[in-house]
Amino acid sequence: GWWFGPKVGGDQVWAYNSQKESPAPPASGWRVPWDGPVDPGLRLSSGGSKAAHDGRGVPHTVPPRRGDEDDRRRREELRRREEESQRRQEEQRRRQEEQARRDEERRRRDQEERKRREEEDRRRRREQEEEQRRREAEAKRRREEEEVRKREQTAALSVRKVIQRVRIATPETYDSLRGELEEILKDRLEEMGSQAHKVSEEAETTLKQAQKRIDEVNEKRAEDERRREEEEKRRKQENERVEQLMKEAGEKVKEAEAKVAEAEAGAAGLGEQKDAEPEAVLEAADAAQKGAEGARAAIDAALKWFGEKNPELLENRASRGNVMEWNHLAERLEQGRRSLGKLEEKAAGARDRASRKKAALGKEQERKAAFDKHDLDKDGRLSRDEVLAFGKAVHSFDLPDEVLAKIMLSLEPVTFERFHPLHQKVAIAKLEAKERVRRAELAVRQRKLEEQRKALQKFIDDAESLTVSAEDSVSKAEVEAKPLARETDLPADEMKGVATNAQALVDKALEELRAAQEKLQRAEEDSNAEDELKGFGRREIGRLHSRRERAENRVERLSGTVKRGLDDATRKAYAEIDQKLTESVAAIHKHMHAEGKTGEQLFADAAGGGDSVPRDRYAEFVQGIPELTLADGQAERLFDHVAVEGADLSKERFLEAIRFFYKCVKGTVANQELTIKSKTVRRLEVGEIVEALSGPAKEEGAGVRRAKCQALRDSATGWVTIEGNQGTPFLVQYGNFLVIEKEHAKRPEPKEDAAEQEPAAEKAEAAAAPEAAGAHD
């Protein structure tokens with residue numbers, strides 16, 4: 001059929017259409033999801049335009065536009081028709097070639113089948129009826145299983161063909177066949193379904209075995225060369241030992257055959273006297289058996305010698321003629337053993353016949369005594385009451401009146417000659433009575449089993465409902481989590497909301513899958529508890545297990561996506577509030593400069609005369625800073641970001657939070673005074689971080705803005721130009737006190753001599769002077 005999804009060969013499927021004969025994707029009849037009902041709202045159209053997507057991620061047709069859109073559609077329609085015509089012609093040609101090949105193959109098979117049928121006609125006539133019944137039963141079973149195994153077998157067969165080629169690979173072809181096997185496993189893994197794990201294990205085992213075999217082949221090639229050199233040296237010694245063994249074997253066989261001939265002579269007349277007394281026959285049979293045992297002991301000793309020496313013969317690599325002669329001698333011993341077996345059978349048969357004859361004579365006397373025992377009136381026949389008493393005494397069974405009447409009707413008069421049939425009829429009547437009781441018990445048992453089957457089916461149905469619900473939850477969660485899988489620039493709050501909703505669906509799906517698994521386990525345990533119910537619902541349970549495992553795999557992948565989304569949302573939320581803190585520091589310092597206030601004065605305003613700034617006053621304070629825009633709740637999150645474990649901001653912490661930092665982006669110098677002509681403190685390197693202590697203030701001589709800063713690496717303090725009079729930046733705002741604390745703690749302390757700093761600072765001052773004296777922007 002047709003499968004609809006976002007990627008060829010991917011593991012995500014949006015819809016499925018079972019129209020296998022359609023050469024192009026059908027326009028309608030799609031199941032959404034792939035194992036759900038047909039969705040009439042999903043219709044596909046061919047063309048180059050991209051399909052829009054609805055809320056579920058399923059494409060739908062974009063409404064046509066006017067003007068050049070109609071022209072484009074007509075051109076596409078003409079192109080589609082031409083492609084369809086070419087495809088049909090190619091399909092027709094392929095079908096004709098395939099039909100010709102099939103006809104030729106059919107003719108060849110017909111000729112072979114006709115010849116085979118002529119040879120097997122007589123045998124088939126005898127087996128035809130039995131074979132037909134077997135085929136009907138087999139065909140019925142196969143039809144039931146075919147639909148389930150068809151797709152899996154096709155995919156598994158294609159992989160196993162490559163596996164088979166790997167099994168017979170040579171050292172020259174192994175690497176290419178290994179690559180081919182890995183490629184087809186990758187392509188056909190999903191198609192193999194329940195066989196995927198088994199076939200993958202076969203492939204892995206085959207690769208290991210093939211590698212081992214190839215290593216052994218290479219080793220064997222080297223070993224064979226060495227053995228060939230030693231072979232000739234051993235051959236001469238082996239031939240001498242073989243000749244000696246053959247001589248000893250001939251003598252052993254002659255001795256054993258003489259013993260067998262002696263035993264056969266002793267049992268020659270056994271069983272010929274049919275009218276002999278049983279005791280005489282038993283005595284003759286025992287004598288024959290004793291002679292046979294002596295001969296067998298000789299045969300066994302010789303065969304044991306042969307068994308012990310046979311490895312030595314083979315180790316010495318005897319010639320084919322010697323081996324054949326050795327086997328012939330051993331066969332003569334086996335022939336002697338078979339002769340002794342026949343002799344023993346003959347003796348045992350004579351002994352058995354004599355024993356049976358002796359036992360029959362004794363049994364006849366016992367049966368006569370038993371008849372006389374139950375013939376109480378000694379009239380030579382058993383009456384109705386005597387037959388009834390016989391049933392109680394011998395069979396422990398009270399004969400019902402109707403059964404007794406039938407027995408008497410068929411056997412009366414019950415003489416000694418009819419005593420044995422009486423035994424049989426009473427025993428049969430007793431068995432029939434037990435069978436009636438057994439049938440009643442069986443009916444009760446069948447009713448109980450039927451109730452248990454219904455209960456098991458209820459477990460299976462509940463598990464299926466839970467599985468369907470879990471699959472639906474997983475599908476919804478996948479749709480919900482799509483923004484997390486893409487590289488979309490969502491706000492942290494929105495990302496967290498999406499991840500939380502998806503996680504709720506994932507948790508619901510996991511709970512339903514666990515409940516489904518418990519239902520299936522209960523069904524399996526209950527069915528295995530009764531022999532008659534073993535295997536009940538096995539196919540449905542297996543199918544549900546497969547669906548549950550696939551859903552669990554989807555949940556596992558989805559959980560990873562959701563977890564990454566939550567982690568990203570957390571990091572993004574931290575980055576956003578950290579950036580907002582940096583912005584607030586810039587706005588606060590701008591406010592301080594405009595109002596002419598210090599940090600301590602600003603703290604006093606924020607604290608309202610108190611020793612610390614609580615959360616609500618801090619929020620009110622930052623919301624009142626001009627040029628600082630805050631979203632709802634962002635002021636409170638700023639407080640949580642800078643506060644220590646949620647405590648009120650002390651004066652020290654407040655002043656820390658409003659510290660303003662610059663990063664040097666172009667090499668410049670720090671001077672002791674505001675004017676750039678004052679004495680240089682030292683040079684600032686690119687990437688160095690400084691803290692603004694006051695300013696910025698305008699240096700009137702050069703017309704540039706300067707700020708009094710303190711270097712973090714060595715606490716050097718001086719006035720630094722923020723940007724040149726032509727707009728070239730020297731310092732830019734960088735982070736906040738939290739960022740600085742993290743980064744500054746990782747940096748090693750600089751080791752630069754003051755004597756080296758002074759010339760460098762003078763050069764920087766000289767380089768900065770021309771720009772400071774130049775024209776303003």
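The values are calculated or read from the model by the stated rules, or taken from the named source; none is laboratory data. Keep in mind that this is a model prediction, so the values were computed, not measured. So basically every Cβ, Gly included, is an ideal-geometry build from the backbone, and we count neighbours across all protein chains shown. For the accessible areas, the whole protein counts, side chains as well, though only heavy atoms, and no ligand, DNA or RNA atoms are used. Shrake-Rupley method; radii C 1.70, N 1.55, O 1.52, S 1.80 Å.
Structural remarks
- Base-10 log of normalised Debye intensity for segment 440-539 (one unit scatterer per alpha-carbon) at q = 0.11 Å⁻¹: -0.51
- Only helices enter the 222 nm calculation for the chain: every DSSP H run of n ≥ 4 contributes -39,500 (n - 2.57), and dividing by all residues gives -24500 deg cm²/dmol, rounded to 500.
- Dimensions in Å of the chain - Rg and Dmax from alpha carbons: 51.1, 160
- Each residue was assigned an accessible area with a 1.4 Å probe, and for TRP719 the value is about 40 Å².
- Per residue, the chain exposes an accessible area of 65 Å² to a 1.4 Å probe, with every protein chain left in place.
- Relative intensity, log₁₀ I(q)/I(0), of segment 625-688 from a Debye sum that treats every alpha carbon as a point, q = 0.13, 0.27 Å⁻¹: -0.65, -1.15
- C-alpha center-to-center spacing [segment 379-399, segment 661-693] in angstrom: 132
- Compared with the dominant principal axis of the Cα atoms in the chain, helix 419-480 is inclined by about 10°.
- FRET efficiency estimate (nearest 0.05) - Cβ-Cβ, LYS150 to LYS434, R0 60 angstrom: 0.75
- Protein-only accessible surface order, largest first, of ARG74, ARG653 at 1.4 Å: ARG74, ARG653
- The heavy atoms of HIS420 present about 80 square angstrom of accessible area, all protein chains included, probe 1.4 Å.
- What the phi angles of segment 385-399 give under the Karplus curve with 6.51, -1.76 and 1.60, with θ = phi - 60°, is a coupling list of 5, 5, 5, 4, 5, 4, x, 5, 6, 8, 9, 6, 9, 8, 5 Hz, glycine and proline written as x.
- Span from the segment 559-592 Cα centroid across to the segment 124-185 one, whole angstrom: 60
- The heavy atoms of VAL644 offer some 80 square angstrom of accessible surface to a 1.4 angstrom probe.
- Fraction of accessible area attributable to carbon and sulfur, the chain (%, probe 1.4 Å): 49
- Using the Cβ-Cβ distance between LEU78 and LEU189 with R0 set to 56 Å, the FRET efficiency works out to roughly 0.85.
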